[in-house]
Amino acid sequence: MTVTSKKDARELVEKLADAARASQLEIGQTDADSRNAALRHAADLLRHSRQQILDANQRDVQRGMKAGLSDAFIDRLTLTEDRIEAMAKGAEDIAGLADPLGVELARWTQPNGLDITRLSTALGVIGIIYESRPNVTIDAAALCIKSGNACVLRGGSDSQETSYLLAGLMRDGLKKAGLPEDAVQMIPTSDRLAVDAMLGASGKIDVIVPRGGKGLVQRVQEYARVPVFAHLEGICHLFISARADIKKAVDIAVNAKMRRVGICGSAETILIEKQVTETIGREVVSALIEAGCEVRGSKEIAALHPGVIAATAKDWGCEFLAPIIAIKTVADLPEACRHIQKYGSGHTESILSEDIAEQEAFFAAIDSAIVMANASTQFADGGEFGMGAEIGIATGRLHARGPVGASQLTSFKYIVRGHGQTRP
């Protein structure tokens, strides 16, 4: 479908959002068993439709390659049998989580006898704008269903065929569970006018979650008249302390960078305490280069291996999203923290150290959404946090921060019980 004017796009988005709203009013009041059944039906449909999904995805991949998409984009676009199974398992895992709705968050009684309860509720209609990852369709829809929300999805043109098919399977899962299928809406056009209409749909869409590159997120944050959960960049750091275990340091550094280079949790900079440059530093640099990573290093790092390329000022704070990493030495923990505070994006940072006190000092000094010790930054993922899946990572400080799972897609209301009180 194509839209030819802003008016057409606005009317299309409003029509879908209104249908989603009507469905949300129903699904937000259903019992957890019904919502969980919809997710389990969807998981079964994903498995039974595996070949159909692979065929549709291959057509998207071929179009993307012809269009000259980068290797990182193609990786995010591509589905395999394992990734389809991961989507199905993710939906089942979300179904197995505790119900985030109707949770008593707090309760107290005022001196005048008023009984006040803070109770979790659904947010409403959630708009998700994403680019090449078709699996976002399943994660987003599943988390919205679990939390009693409806969603309006707008996938990128590169994953359009796959995403449409996946959204249809989620709708079928709702239908099989006796729930309104319009709780999942997919915008039937890749025209950018539809994105603009979503960003301006105040009163129709309650929150926007962008999943994609820096350009998309910047545009959403700049023009949205709807609240946004997002992170702009994933500039993740590893700090290797002099008190790090050398084997852990090597294994984690290679995994944090090279497991999947195109995701937001991929490490982009490594900071190494100077006194272990010749020992741990040399081993880490050699292992990364051997794994196929381009290392851009400071003067001290360049002296460790002939394959190191001299780093420039632009390499610090750069989100490479490729098998490239910047490495420099620092005098101590405070210098490492100052570097992270200057160049980081508030996403994920990890310290590699066997010293518990040093770990705690790092936790206190770094105010990123996720701060780790002795673990790969690639664990920055809602599924790995036990959330089943995530819609994205939020680096803001209001409402949701870090992985946005089902519980983060709720708000709350106050229930006040009285027995005849009047206010003096």
Handout entry: Elements of type helices (runs of 4 or more DSSP H) in region 4-94, at least 1 residues being among the basic types (Lys, Arg) and within 14 Å of residue 135 (Cβ to Cβ)
Key = 50-66, 71-77
Exercise for the section: Return only the number of the condition from (1) free of Cβ contacts under 8 Å to residues at least 60 places away in the same chain; (2) within 25 Å of the chain's Cα centre (by Cα); (3) surrounded by fewer than 18 Cβ atoms within 10 Å (Cβ to Cβ) that residue 75 does not satisfy. Expected result: (1)
Exercise for the section: Select from region 239-253 the residues that are out of contact with any strand residue (DSSP E or B) (no Cβ under 7 Å at 6 or more places or on another chain), among the basic types (Lys, Arg) and part of a helix (DSSP H, G or I) and list them in ascending order. Expected result: 247
Fill in the blank from the handout: The one condition residue 50 fails out of (1) surrounded by fewer than 20 Cβ atoms within 10 Å (Cβ to Cβ); (2) touching a residue at least 40 places away in the same chain (Cβ under 8 Å); (3) under 25 Å from the mean Cα position of the chain (by Cα) is (2)
Handout entry: Within region 324-338, considering residues that are crowded, with 18+ Cβ neighbours inside 10 Å and either out of contact with any helix residue (DSSP H, G or I) (no Cβ under 7 Å at 6 or more places or on another chain) or of a type outside the set (S, T, N, Q) (or both), the one farthest from residue 249 (Cα to Cα)
Key = 337
Problem - Some residue of region 181-188 being farther than 19 Å from residue 139 by Cα and either surrounded by 19 or more Cβ atoms within 10 Å (Cβ to Cβ) or within 19 Å of the chain's Cα centre (by Cα) (or both) - result: no
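Yes or no, residue by residue, for (1) acidic (Asp, Glu); (2) in contact with a Lys or Arg (Cβ under 7 Å, 6 or more places away or on another chain); (3) crowded, with 20+ Cβ neighbours inside 10 Å; (4) closer than 17 Å to residue 143 by Cα:
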{"site": "82", "(1), (2), (3), (4)": "yes, no, no, no"}
{"site": "87", "(1), (2), (3), (4)": "no, no, yes, yes"}
{"site": "95", "(1), (2), (3), (4)": "no, yes, yes, yes"}
{"site": "99", "(1), (2), (3), (4)": "yes, no, no, yes"}
{"site": "103", "(1), (2), (3), (4)": "no, no, no, yes"}
{"site": "108", "(1), (2), (3), (4)": "no, no, no, no"}
{"site": "117", "(1), (2), (3), (4)": "no, yes, no, no"}
{"site": "121", "(1), (2), (3), (4)": "no, yes, no, yes"}
Handout entry: Which numbered condition residue 320 misses (of (1) part of a loop (DSSP other than H, G, I, E, B); (2) surrounded by fewer than 16 Cβ atoms within 10 Å (Cβ to Cβ))
Key = (2)
Problem - Count of residues meeting criterion [under 30 Å from residue 213 (Cα atoms) and either in a loop (DSSP other than H, G, I, E, B) or touching a Gly at 6+ places or on another chain (Cβ under 6 Å) (or both)] in region 297-317 - result: 7
Practice task
Answer yes or no as to whether residue 261 is closer than 28 Å to residue 76 by Cβ, buried (at least 16 other Cβ atoms within 10 Å of the Cβ), within 26 Å of the chain's Cα centre (by Cα) and of a type in the set (A, V, I, L, M).
Solution key: yes
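Values in this text are rule-based calculations from the coordinates and carry no lab data. Note that the coordinates shown come from a computational prediction; the quantities given were computed from them, not determined experimentally. Positions of Cβ are backbone-derived with ideal geometry, glycine not excepted, and every protein chain shown enters the neighbour counts.
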